[in-house]
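Written out below as structure tokens is the structure these notes cover.
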Amino acid sequence: MISVATGDDDGRKARRARSRLKIVHAFKDLVREGAAAPSATDVADKAGVGLRTVYRCFEDMGTLYQELIAVLHDEFQPRTLPDLDTEDRAVRLSLLLANRTSIFADLESFLLASEAKRHIYKALDDDYSYLLRLERDRLQAVLNPDNRLPDEVFEALHGVTSFSFWRRLRVEQGLSKDQAGRVMARAAKSVLATSASPPMVQSVASEAPPLVQGDPD
């Protein structure tokens, strides 16, 4: 009897895990397709499960958003920068821009959708703060590991390589993703080119840490 009960329990846990996965991926697909704030009913329909199943697997939509954040971190974590074995700041900036605009293009729908919900769900607000820190830390590791860039140059580069700048180009100015990427690259490269920045210290450049998206605090 004990073994049968255990088997039944394991079966229920496996079904629940499958349902959770289907629900999260349905939620992710809805947002990626342009639904800014999918309802639980929308998610249930997309996942092919009942509404009660959604609420059995997730206490509320906030919990579902939190699970989506974890899935997105896992998806984008492997997307690191190419080899940075150079002390040429201009080359390193080009590599950063290629990596960053690619990620912004793919994450855009999720980041825009989260804007309207950050004041409701703490998980979204915490993740937004984490992404802001990550942008700055990554820029520091790539372009200023030796701390030789003037502060105003670093801050200007931070501004024109941020998602906030990308959002303005895409939403307020109505540019395509390709256009936004080119404008961002032109702005950032212009800032660096006119700054007369000092050469990067080679030993520091080679010690820059891997730029992997980790988990928020």
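The values are calculated or read from the model by the stated rules, or taken from the named source; none is laboratory data. What you see is a predicted model; the values in this text were computed from it and never measured. Cβ atoms come from the backbone with ideal geometry, glycine included; neighbour counts cover every protein chain shown.
Before moving on, here are some points about what is shown:
- Boolean, Val191 is assigned by TED's automatic domain parsing to the domain that holds Leu95 and modelled with pLDDT under 95: no
- Some residue of region 179-186 being assigned to a loop (DSSP other than H, G, I, E, B), of a type in the set (Lys, Arg) and farther than 30 Å from Phe27 by Cβ: no
- Residue list for region 44-93, filter: closer than 27 Å to Ala193 by Cα and surrounded by 15 or more Cβ atoms within 10 Å (Cβ to Cβ): Leu81, Leu84, Glu87, Arg89, Arg92, Leu93
- Meets criteria (assigned by TED's automatic domain parsing to the domain that holds Ser197 and either under 21 Å from Phe104 (Cβ atoms) or not in a helix (DSSP H, G or I) (or both)) for Leu84: yes
- Output for region 7-40, where each listed residue is among the aliphatic types (A, V, I, L, M) and either closer than 15 Å to Tyr65 by Cβ or at pLDDT 85 or above (or both): Ala17, Leu21, Ile23, Val24, Ala26, Leu30, Val31, Ala35, Ala36, Ala37, Ala40
- Subset of region 116-132 (residues that are over 16 Å from Leu157 (Cβ atoms) and in a helix (DSSP H, G or I)): Lys122, Ala123, Leu124, Asp125, Asp126, Asp127, Tyr128, Ser129, Tyr130, Leu131
- Considering residues of region 19-50 that are part of a helix (DSSP H, G or I) and of a type in the set (Val, Ile, Thr) only, the residue farthest from the chain's Cα centre (by Cα): Thr41
- The set of residues from region 143-182 being under 29 Å from Val201 (Cα atoms) and of a type in the set (A, V, I, L, M) comprises Leu143, Leu149, Val153, Ala156, Leu157, Val160.
- Looking only at region 194-210, and only at residues there that are surrounded by 18 or more Cβ atoms within 10 Å (Cβ to Cβ) and either of a type in the set (A, V, I, L, M, F, W, C) or at pLDDT 95 or above (or both), the one that is farthest from Asp125 (Cα to Cα): Met200
- So Val71, is it in the same structural domain as Asp178 (by TED's automatic domain parsing) and among the β-branched types (Val, Ile, Thr): no
- Among the conditions (1) within 30 Å of Pro198 (Cα to Cα); (2) at pLDDT below 90; (3) surrounded by 14 or more Cβ atoms within 10 Å (Cβ to Cβ), the only one that Leu96 does not satisfy is (2).
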